[in-house]
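S.K.: I'd like to ask some things about the structure below.
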Amino acid sequence: MKNTIFNAVLIDSVFLFNLFLINKPLNKSDFLFFAQKVIDDKVIKAKEYMNSIELSIQGESKSTAGDKHDTTRELMQQERNKAAQNLSNQILAQKTLIQLLNTSANEGIGFGSLVETDKGWVFIGLALGKVLFRDVDVICISPLSPLAKAFEKQAKNGDCVSFNNIDYKIEKVL
C-alpha cells in the first residue's frame, strides 16, 4: 500500500508539471525538464523494485522442499538480474539527459533535437517511447535508431523524410 501511494504522488507530480505548462508553446528546455522528471521517477521505481526483490530473496529461508526451493531462489535471482539491468538502463538515461542539458543547439537535426512533423513531435536523444507532454504525444527515440538517422539527413524546416513508406514533413526543429 505504501508503494502505491508513493507511485501516485510521482504520477501526480508529472501530471501537475504538465498542467502548469499546458498553455505555453512547446519548447525544448521545458521538455528536457519534463524528461528529467520522468527518468527520475523511473529510477525511483526501479530502486524500489530492486529492494523488494532483495527482501524477498533474503526472506526465502532454506526449506525441506529441496529442488523446489532452489528453483524458486534461481527464479528470484533471475528477476533480480533483470531489475538490476533495468536500473542500470535508467541510470544511463539520467547520464544521457545530463549530456542533453549541456549540449548547445546544433545545426540541423541531431542529438537533442525536438522535431515537429506533420505526424507529430519526435525527440531524438532518449529512448523513452511515447510520452504525453502538455497534452501532446512526443515520441522519444535513441539517436542511433533508424528513424533518427533518417531525420539527421534532413536539416531544415520544410524538408521531407521518408521512413518505412511514411513521409514526415519537418515543420519545426527546436
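The values are calculated or read from the model by the stated rules, or taken from the named source; none is laboratory data. The shown structure was predicted, so the numbers you read here are calculated from the model rather than taken from an experiment. As a convention, Cβ positions derive from the backbone with ideal geometry for all residues, glycine included, and neighbour counts pool all protein chains shown.
S.K.: Among the residues of the range 125-155, count how many are more than 12 Å from the chain's Cα centre (by Cα) and either part of a strand (DSSP E or B) or not aromatic (Phe, Trp, Tyr) (or both). Show your work before the answer.
M.R.: To start, the set of residues in the range 125-155 that are more than 12 Å from the chain's Cα centre (by Cα) comprises 133-137, 143-155.
If we keep only those that are either part of a strand (DSSP E or B) or not aromatic (Phe, Trp, Tyr) (or both) as well, we get 133-137, 143-150, 152-155.
Final tally of qualifying residues: 17.
S.K.: Filter the range 84-98 down to the residues that are more than 17 Å from Leu144 (Cα to Cα) and of a type in the set (Val, Ile, Thr) and list them by number.
M.R.: Ile91, Ile98
S.K.: Also, quick follow-up: Can you find, within the range 102-124, the residue that is surrounded by the most Cβ atoms within 10 Å (Cβ to Cβ) among those that are under 20 Å from Asp40 (Cα atoms) and over 15 Å from the mean Cα position of the chain (by Cα)?
M.R.: The residue in question is Thr103.
S.K.: How many residues does the range 162-173 hold that are in contact with a Phe, Trp or Tyr (Cβ under 8 Å, 6 or more places away or on another chain) and either in contact (Cβ under 8 Å) with a residue 40 or more places away in the chain or not in a strand (DSSP E or B) (or both)?
M.R.: Selection size over the range 162-173: 2.
S.K.: While we're on this one: Mind counting the residues in the range 38-61 that are closer than 26 Å to Lys130 by Cβ and of a type outside the set (Asp, Glu)? Step through it out loud before you land on a result.
M.R.: Kept after step one, since they are closer than 26 Å to Lys130 by Cβ, are these residues of the range 38-61: 38-50.
In the following step, the residues that additionally are of a type outside the set (Asp, Glu) were identified as 38-39, 42-47, 49-50.
Total meeting the criteria: 10.
S.K.: Determine whether the range 39-48 contains at least one residue that is over 16 Å from the mean Cα position of the chain (by Cα) and at pLDDT 90 or above. Steps first, please.
M.R.: Keep residues of the range 39-48 that are over 16 Å from the mean Cα position of the chain (by Cα), which gives 48.
Adding the requirement that they be at pLDDT 90 or above leaves 48.
Yes, the conditions are met somewhere in the range 39-48.
S.K.: Which members of the range 106-124 meet the condition of being touching a helix residue (DSSP H, G or I) at 6+ places or on another chain (Cβ under 6 Å) and part of a loop (DSSP other than H, G, I, E, B)?
M.R.: Once the filter is applied, which keeps residues that are touching a helix residue (DSSP H, G or I) at 6+ places or on another chain (Cβ under 6 Å) and part of a loop (DSSP other than H, G, I, E, B), the range 106-124 yields Ile109, Gly110, Gly112.
S.K.: Sort out which residues of the range 128-140 are out of contact with any strand residue (DSSP E or B) (no Cβ under 6 Å at 6 or more places or on another chain) and within 21 Å of Glu152 (Cβ to Cβ), and write them in order of number.
M.R.: Scanning the range 128-140 gives a single hit, Gly129.
S.K.: State which residue pairs qualify: first residue among the hydroxyl-bearing types (Ser, Thr, Tyr) and modelled with pLDDT under 75 and inside the range 49-68, second residue surrounded by 12 or more Cβ atoms within 10 Å (Cβ to Cβ) and in a helix (DSSP H, G or I) in any location, beta carbons under 6 Å apart, and separation of 6 or more residues or different chains.
M.R.: Ser63/His69
S.K.: All but one of (1) polar (S, T, N, Q); (2) at pLDDT below 90; (3) closer than 26 Å to Glu116 by Cβ hold for Gln36, so report the exception by its number.
M.R.: Every condition holds for Gln36 apart from (2).
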